[in-house]
Amino acid sequence: MFDFQTWAIAAVAAGFVGLSKGGLPVVGMLGVPVLALTMSPVRAAAVLLPIYVLSDVFGLWAYRRHYDRRNLRILVPAAAAGIFVGWLTARRVSEAHVALLVGLIGVAFCLNAWWRRKRMAVRPADVPRGVFWGTITGFTSFVSHSGGPPYQMYVLPQRLDKMTFAGTSTILFAIVNALKLLPYWQLGQLSVGNLGLAVWLAPFAVGAVFAGYWLTRRINEKLFFRVVYFALFLVSLRLIWGARHVFLGAGVSPG
């Protein structure tokens, strides 16, 4: 049995997942770290995966008219390949090393964007970069639910409008999360206990999806993308901090 504090923290984590599916970028990545305050990160990721999938259903409906078809055609197959690699290497790859790599790339990307600002040229969707970043997105999403930064590093330079950006993100990660179900089950991470907790948390996530969609439609577009970059920077720093054991040479268990 969980105490009230554990349930409350779990509800907040589920709400973060729902908000991200409603269109608020990167917020969903806070779910696992928050829930890991009360349980192991591995179990936290397993508990939240069904929440991601359920929230995706409502996110898909909300953004059914807002997405970039070319990006999805490039990113979905690449992300599927990344998930497959993550599945094959799940017991060999340290989550800390993956988090460190993603965090360093995210911080470098944000600093470069802020430094260059208006001088940064618009880069439309292209296959080589899309396959590269899409594969990393799938891999990091499988290993640590941290596919957001690699995805954004590919899509943000395209300067899509906010609704298309949010909708493309929602649809891509809905597919990614669905593809992760079988590997997670095969690895024994979708236990009855975890699924039971996920069912209890589902209403919090679903309500947050619609709250996120409402906020995304009303927030100023420039402010929206400032939040995207700032959130990406903070989450990247958090990933680096969480992987600080790598710098110290300490062993970290795979995630």
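Computed quantities for the displayed model
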{"quantity": "Whole-Å distance, taken between Cα centres, linking the range 140-170 and the range 36-73", "calculated": "12 Å"}
{"quantity": "13 Å cut-off, amide nitrogen to a point 7 angstrom out along ASP161 Cα→Cβ, residues in the range 63-105", "calculated": "65-68"}
{"quantity": "Label point 7 Å beyond Cα of VAL57 along Cβ direction - residues of the range 187-213 with amide nitrogen under 18 Å", "calculated": "195-211"}
{"quantity": "Sites LEU37 and PHE132, calculated FRET efficiency, Cβ-Cβ separation with R0 45 Å, nearest 0.05", "calculated": "0.85"}
{"quantity": "Stokes-Einstein D in µm²/s, Kirkwood radius over Cα pairs - the range 12-158 at 25 °C with 0.890 mPa s viscosity", "calculated": "152 µm²/s"}
{"quantity": "Length-normalised contact order of the range 1-153 in % [C-alpha pairs under 8 Å, at least 6 apart]", "calculated": "26 percent"}
{"quantity": "Under the Debye formula (equal points on every Cα, no solvent term), log10 I(q)/I(0) of the range 99-173 at q = 0.14, 0.17 Å⁻¹", "calculated": "-0.45, -0.67"}
{"quantity": "Relative intensity, log₁₀ I(q)/I(0), of the range 4-248 from a Debye sum that treats every alpha carbon as a point, q = 0.16 Å⁻¹", "calculated": "-1.17"}
{"quantity": "Magnitude of the charge dipole, the range 4-248, Cβ model with Lys/Arg +1 and Asp/Glu -1, debye to 20", "calculated": "780 debye"}
{"quantity": "Rough spin-label spacing in nm, given labels placed 7 Å along Cα→Cβ, for SER191 and ALA11", "calculated": "2.5 nm"}
{"quantity": "Simple Cβ-charge dipole of the range 106-170, Lys/Arg +1 and Asp/Glu -1, about Cα centre, in debye nearest 20", "calculated": "380 debye"}
{"quantity": "Spin-label pair VAL122/PHE230, simplified geometry with 7 Å Cα→Cβ offset, distance in nm", "calculated": "2.5 nm"}
{"quantity": "Over the chain: helical MRE at 222 nm, DSSP H runs n ≥ 4 each giving -39500 (n - 2.57), nearest 500", "calculated": "-25500 deg cm²/dmol"}
{"quantity": "Test item: Cα-centred dipole of the range 1-143, Lys/Arg +1 and Asp/Glu -1 on Cβ, debye", "calculated": "740 debye"}
{"quantity": "ARG92-ALA211 pseudo-label distance in nm [points 7 Å out on the Cα-to-Cβ vector]", "calculated": "4.3 nm"}
{"quantity": "Relative contact order [Cα under 8 Å, 6+ residues apart], the chain, whole percent", "calculated": "38 percent"}
{"quantity": "Ordering of 198-210, 80-92 by burial proxy (mean other Cβ atoms within 10 Å per residue, highest first)", "calculated": "198-210, 80-92"}
{"quantity": "Lysine pairs in the range 4-248 with Cα atoms under 19 Å, if 8 or more residues apart or on separate chains", "calculated": "5"}
{"quantity": "C-alpha center-to-center spacing [the range 176-252, the range 93-110] in angstrom", "calculated": "15 Å"}
{"quantity": "Extension reserve of the LEU181-ARG70 stretch, reckoned as 0.36 nm per residue once the Cα distance is removed", "calculated": "37.4 nm"}
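We did not get these values from a lab; they are worked out from the coordinates using the rules stated. The structure displayed is predicted, hence computed values, not measured ones. Note that each Cβ is placed from the backbone with ideal geometry, even for glycine, and that neighbours are counted across all protein chains shown.
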